[in-house]
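**Q** Quick one: the structure is below, questions incoming.
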Amino acid sequence: MGRPREFDADDALQTALELFWRKGYEGTSITDLTDGMGITKPSLYGTFGNKEELFRMALQRYEEHYMAFFWSALEQPEARTVALDILRGFVRAQTEACNPGGCLVVNAASSCSDAALEIHKTIVERIQVGQKALARRFERAKREGDLPEDSNPEDLARYILTVAQGTAVQASSGASREDVYRLVDIAMKSFPGK
């Protein structure tokens, strides 16, 4: 029988999430993780598996805790409100004082080399899930007459997520929430519809 765990796995996972968010996947070493989480390498591997598995758990937690606004926004009655709520939600998460700046997904995706190909694939898949859901929502808006007939729902979804990625870069560079909100307002001027 093994010794009982001497650390809180939930707290350790939160610490790992914050480290990955701040430093990216490849920028976060095993030593960074064990030091930050206050655990040994055997405890990390025994509880979370390898670094890749730990990152996937952190990504799941990130989506559940910091990106829930995205799925709620899809329920808004108008496409413009959907888009605005998503962009403002990203800005709130990216500029919250208690969070690392920017976006875990953008930070990790932008720093993945060929050595982290599986992580890069995971990140791309997660982005595509959100983009497809947003495109379906905009397709519905188009059918309902909320978007012009010549609108391309897939392009609009890609546009909104591209703006969100840009806001992440601005936030990680130190832009204030108000500064980034102004960028969102400018971007929304290009959004079709009412």
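**Q** Under a cut-off of 12 Å between alpha-carbon atoms, report the aspartates and glutamates in cross-link reach of residue 132, not counting same-chain residues fewer than 8 places apart.
**A** 154, 155
**Q** Then there is this: What does the helix-only formula give at 222 nm for the chain: each DSSP H stretch with n ≥ 4 adding -39500 (n - 2.57), the total divided by the residues, and the result rounded to the nearest 500 deg cm²/dmol?
**A** Numbers: 10 runs with 135 residues, N = 194.
Calculated mean residue ellipticity at 222 nm is -22500 deg cm²/dmol.
**Q** Counting Lys and Arg as +1 and Asp and Glu as -1, each charge on the Cβ, what is the dipole of the chain about the Cα centre in debye, to the nearest 20? Provide the component values of the computation, followed by the final result.
**A** Details: 24 positive and 29 negative charges, 36 e Å.
Taking the Cα centre of the chain as origin, the dipole is about 180 debye.
**Q** Then there is this: First measure r as the distance between the Cβ atoms of residue 64 and residue 155, then evaluate 1/(1 + (r/R0)^6) with R0 = 35 Å and state the FRET efficiency to the nearest 0.05. Intermediate values should be presented prior to the final figure.
**A** Values: r = 29 Å, r/R0 = 0.82.
For R0 = 35 Å, the calculated efficiency reads 0.75.
**Q** Filter the DSSP H helices in the chain by two things, a Kyte-Doolittle mean of at least 0.0 and an axial alpha-carbon span of 20 angstrom or more, and list the hits by number. Could you put the intermediate results ahead of the total?
**A** Details: long enough: 9-23 (21 Å, -0.29); 51-66 (21 Å, -1.38); 79-95 (24 Å, 0.38); 117-143 (38 Å, -0.68); 153-172 (29 Å, 0.18).
Within the chain the helices that satisfy the rule are 79-95, 153-172.
**Q** Based only on other Cβ atoms within 10 Å, what is the fewest-to-most ordering of 127, 39? Numbers along the way, then the final one.
**A** Working: 127 17, 39 22.
The fewest-first ordering by Cβ neighbours comes to 127, 39.
**Q** Past the 15 angstrom mark, what percentage of all C-alpha to C-alpha distances in the stretch 34-115 do you count?
**A** Working: 2256 of 3321 pairs.
Taking all Cα-Cα pairs of the stretch 34-115, the fraction more than 15 Å apart is 68 percent.
**Q** A further question follows. Grab the other residues whose beta carbon is less than 13 angstrom from that of residue 14, score K and R as +1, D and E as -1, and report the net. Mind showing how you got there, number by number?
**A** On the way: positive: 22, 61; negative: 8, 10, 11, 18, 64.
Every neighbour counted, the sum reads -3.
**Q** How much length is gained if the chain between residue 8 and residue 188 is pulled fully straight, taking 0.36 nm per residue apart and subtracting their Cα-Cα distance, in nm to one decimal? All intermediate terms of the calculation are to be shown ahead of the outcome.
**A** Numbers: separation 180, 0.36 × 180 = 64.80 nm, distance 4.29 nm.
60.5 nm is the gain from fully extending residue 8 to residue 188.
**Q** Which of 189, 121, 23 has the fewest other C-beta atoms within 10 Å, and how do the rest follow up to the most?
**A** Details: 189 6, 121 11, 23 17.
Exposure proxy ranking, most exposed first: 189, 121, 23.
**Q** Could you give the alpha-carbon Rg of the stretch 9-59 over 2.2 N^0.38 Å, rounded to two decimals?
**A** Working: Rg = 9.2 Å, N = 51, 2.2 N^0.38 = 9.8 Å.
Relative to the rule-of-thumb radius for its length, the stretch 9-59 sits at 0.94.
**Q** Please compute, over every Cα-Cα pair in the stretch 67-194, the percentage with a separation greater than 23 angstrom.
**A** Tail of P(r) above 23 Å: 33 percent of Cα pairs.
**Q** A further question follows. Over the chain, with a Gaussian network built from C-alpha contacts below 10 Å, which listed residue (166, 46, 38) shows the highest mean-square fluctuation?
**A** 46
**Q** Would you look at the GNM of the chain, springs on alpha carbons closer than 10 Å, and say which of 153, 100, 77 moves the most?
**A** Of 153, 100, 77, the Gaussian network model singles out 77 as fluctuating most.
**Q** Which of 80, 137 comes first, and how do the rest follow, when ranked by fewest Cβ neighbours within 10 Å? Kindly include the intermediate steps, with their values, before the conclusion.
**A** Working: 80 16, 137 21.
Result, fewest neighbours first: 80, 137.
**Q** Give the cross-link partners of residue 121 among the aspartates and glutamates, using a straight C-alpha distance below 19 Å as the criterion and excluding same-chain residues fewer than 8 apart.
**A** In chain and number order, the partners are 26, 52, 53, 63.
No value in this document is a laboratory result; all are computed from the given coordinates. Just so you know, these numbers come straight off a predicted model, no measurement behind them. Methodologically, a virtual Cβ is constructed for each residue, glycine included, from the backbone with ideal geometry; neighbour enumeration extends over all protein chains shown.
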